[in-house]
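> Before anything else, here's the structure in question.
The values are calculated or read from the model by the stated rules, or taken from the named source; none is laboratory data. Quantities reported herein were computed from a predicted structural model and do not represent experimental measurements. No Cβ is skipped: glycine too gets one built from the backbone with ideal geometry, and neighbour counts run over all protein chains shown.
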Amino acid sequence: MRKVVLFIAQSLDGYIATHDDSLDWLFSVEGEGDNGYAEFFSTVDTVLMGKRTYDWVMQQENGVFPYPDKKCYIFSKADNEDTEYVTFISGDISQFITNLKKEEGRDIWVVGGGNLLHSFFKEGLVDELRITVAPRVLGDGIPLFKKGDYHLDLSLSGTRTFNQFVELHYEVLK
Ligand SMILES: NC(=O)c1ccc[n+]([C@@H]2O[C@H](COP(=O)([O-])OP(=O)(O)OC[C@H]3O[C@@H](n4cnc5c(N)ncnc54)[C@H](OP(=O)(O)O)[C@@H]3O)[C@@H](O)[C@H]2O)c1
């Protein structure tokens, strides 16, 4: 069955963005090539995001959606209009992901952010984690793992380095 894979970058102290949504700390790190992005991107045909991450991406890309060739679902409890490229999801995420995984296709990338991932972790919806650790300590920000009532057991599948970055690859044990 196709897997839900988290592919994300974090600071050494576990933040995915500063509180003002800056990723400057990440973009200033010297990596290697595209740090494994294209290789990973070719393994997925579906992209999932929280509404704040979607808004951030659209702002960053000057309103041009960057993944027109993938199926994209944006999670939001508010009323949003679907676009040519994205479908908004507001219902039961666990049921939605169960159904999505039954469809034929490649793996599913859950992009983030922290809020959406909190629901995914609590509901046990992530199958693999690919976390790229940047050599930065932010002290504060939006955490990858929000505090809460959940627990994940992981098995390390591999590590890679991309110059200053370290990629940690885990399978979630269920
Ligand atoms: N470092 C990285 O690689 C990386 C990757 C991704 C994101 N980020 C950063 O993370 C930040 C955004 O993260 P965030 O935690 O603030 O926001 P987020 O998780 O992207 O989005 C939060 C919003 O998603 C919706 N949502 C969350 N859980 C939901 C659920 N269970 N059901 C339905 N809707 C749900 C809600 O939208 P409504 O309020 O509309 O209901 C919520 O306000 C940005 O700065 C972004 O750049 C960094």
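> Residues being over 15 Å from Ile8 (Cα atoms) and in a strand (DSSP E or B): count how many of those fall in region 133-174.
Counting residues in region 133-174 that are over 15 Å from Ile8 (Cα atoms) and in a strand (DSSP E or B) gives 8.
> Next question, about the same structure. Suppose we filter region 95-124 for residues that are farther than 27 Å from Phe162 by Cβ, part of a loop (DSSP other than H, G, I, E, B) and in contact with a Ser or Thr (Cβ under 8 Å, 6 or more places away or on another chain); how many remain?
Residues in region 95-124 being farther than 27 Å from Phe162 by Cβ, part of a loop (DSSP other than H, G, I, E, B) and in contact with a Ser or Thr (Cβ under 8 Å, 6 or more places away or on another chain): 2 in total.
> Scanning region 42-76 for residues that are more than 13 Å from the ligand (Cβ to nearest atom) and in contact (Cβ under 8 Å) with a residue 60 or more places away in the chain, which turns out farthest from Ile97 (Cα to Cα)?
Within region 42-76, the match that is farthest from Ile97 (Cα to Cα) is Thr43.
> Taking Glu32, is it under 19 Å from Arg160 (Cβ atoms), without any contact (Cβ under 8 Å) to a residue 40 or more places away in the chain, more than 13 Å from the ligand (Cβ to nearest atom) and not aliphatic (A, V, I, L, M)?
It is false that Glu32 is under 19 Å from Arg160 (Cβ atoms), without any contact (Cβ under 8 Å) to a residue 40 or more places away in the chain, more than 13 Å from the ligand (Cβ to nearest atom) and not aliphatic (A, V, I, L, M).
> Any chance you could count how many residues in region 83-101 are surrounded by fewer than 17 Cβ atoms within 10 Å (Cβ to Cβ), over 24 Å from Ala17 (Cβ atoms) and out of contact with any strand residue (DSSP E or B) (no Cβ under 6 Å at 6 or more places or on another chain)?
Of region 83-101, the ones surrounded by fewer than 17 Cβ atoms within 10 Å (Cβ to Cβ) are 83-85, 87, 90-92, 94-96, 98-99.
Checking the rest, the ones that are also over 24 Å from Ala17 (Cβ atoms) come to 84, 87, 91-92, 94-96, 98-99.
Those still in the list that are out of contact with any strand residue (DSSP E or B) (no Cβ under 6 Å at 6 or more places or on another chain) too: 84, 91-92, 94-95, 98-99.
Adding up the residues that qualify gives 7.
> Another one. Can you list residue pairs whose Cβ atoms sit under 7 Å apart, with the first residue in region 110-136 being modelled with pLDDT under 95 and the second being within 11 Å of the ligand (Cβ to nearest atom) and not in a strand (DSSP E or B)? Count only pairs 6 or more apart in sequence or on different chains.
Between residues of region 110-136 that are modelled with pLDDT under 95 and residues that are within 11 Å of the ligand (Cβ to nearest atom) and not in a strand (DSSP E or B), there is no close pair.
> Still on this model: Would you confirm whether or not region 145-161 contains a residue that is buried (at least 16 other Cβ atoms within 10 Å of the Cβ), at pLDDT 95 or above and not β-branched (Val, Ile, Thr)?
Checked region 145-161: no residue is buried (at least 16 other Cβ atoms within 10 Å of the Cβ), at pLDDT 95 or above and not β-branched (Val, Ile, Thr).
> Now, a different point. For Phe120, state whether it is farther than 22 Å from Leu26 by Cβ and either within 12 Å of the ligand (Cβ to nearest atom) or buried (at least 17 other Cβ atoms within 10 Å of the Cβ) (or both). It would help to see each step written out before you state the result.
Working: farther than 22 Å from Leu26 by Cβ: no; either within 12 Å of the ligand (Cβ to nearest atom) or buried (at least 17 other Cβ atoms within 10 Å of the Cβ) (or both): yes.
Against the criterion (farther than 22 Å from Leu26 by Cβ and either within 12 Å of the ligand (Cβ to nearest atom) or buried (at least 17 other Cβ atoms within 10 Å of the Cβ) (or both)), Phe120 does not qualify.
> Every residue in region 18-58 that is in contact with a helix residue (DSSP H, G or I) (Cβ under 8 Å, 6 or more places away or on another chain) and among the hydrophobic types (A, V, I, L, M, F, W, C), please.
Across region 18-58, the qualifying residues are Leu48, Met49.
> Which of (1) farther than 13 Å from Trp109 by Cα; (2) loosely packed, with under 11 Cβ neighbours inside 10 Å; (3) out of contact with any Phe, Trp or Tyr (no Cβ under 6 Å at 6 or more places or on another chain) is the odd one out, the single condition Ser42 does not satisfy?
So the condition that Ser42 fails would be (1).
> With respect to Thr83, determine if the residue is more than 9 Å from the ligand (Cβ to nearest atom), among the hydroxyl-bearing types (Ser, Thr, Tyr) and in a strand (DSSP E or B). Lay out the reasoning, then the answer.
Details: more than 9 Å from the ligand (Cβ to nearest atom): yes; among the hydroxyl-bearing types (Ser, Thr, Tyr): yes; in a strand (DSSP E or B): no.
Taking the combined requirement at face value, the residue does not satisfy it.
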